[in-house]
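Before any comments, here is the structure.
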Amino acid sequence: MLHLFPQAKPATPIAYAEAVSRLASIRHALRLVDGGFAAGPENDADEEIAAAWPHAGEARQRCFDRRSAGLVGTAAAGIEALLDQRTQGREPHRAASQTLVDEIRRELRDVAGSVLA
């Protein structure tokens with residue numbers, strides 16, 4: 001005899017507001033790191049993500065969640081290293097700082113693309 005039991009739904013994807021909040025916090029941190037980086041990313045894409053979010057599907061939303069969480073951790077570590085140099089009275093190497101910012105900007109575009117694709 002076959003018995004069917006309802007399967008538990010997978011964990012609910014993060015809400016849109018939380019998802020975009022993660023990206024906003026990274027952009028804000030970029031603006032605070034250095035006056036030279038005050039502009040932050042060229043395109044925040046918040047409005048495009050807002051429009052695409054409900055239609056992205058759970059798989060893309062989970063991908064966004066996973067990638068944005070990783071980006072937050074990586075960005076925080078890199079920015080912390082730059083700020084640590086300053087607190088020790090040393091100016092962070094300009095090329096290293098610019099490389100970090102460029103990488104974070106690229107990752108922001110890629111993470112947003114996981115919902116917009």
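The values are calculated or read from the model by the stated rules, or taken from the named source; none is laboratory data. Keep in mind the model is a prediction, meaning the values are calculated, not measured. Methodologically, a virtual Cβ is constructed for each residue, glycine included, from the backbone with ideal geometry; neighbour enumeration extends over all protein chains shown. Accessible surface is based on the protein model in full, side chains and every heavy atom, while ligands, DNA and RNA are left aside. Shrake-Rupley method; radii C 1.70, N 1.55, O 1.52, S 1.80 Å.
Just a few scattered comments:
- Scope region 52-68; condition open to solvent by 50 Å² or more (accessible area, probe 1.4 Å) and among the small types (G, A, S); matching residues: A59
- Near pairs, Cβ below 7 angstrom, 6+ apart or cross-chain, from region 52-64 (within 19 Å of A24 (Cβ to Cβ) and in contact (Cβ under 8 Å) with a residue 60 or more places away in the chain) to any residue that is surrounded by 11 or more Cβ atoms within 10 Å (Cβ to Cβ) and aromatic (F, W, Y): W53/Y16
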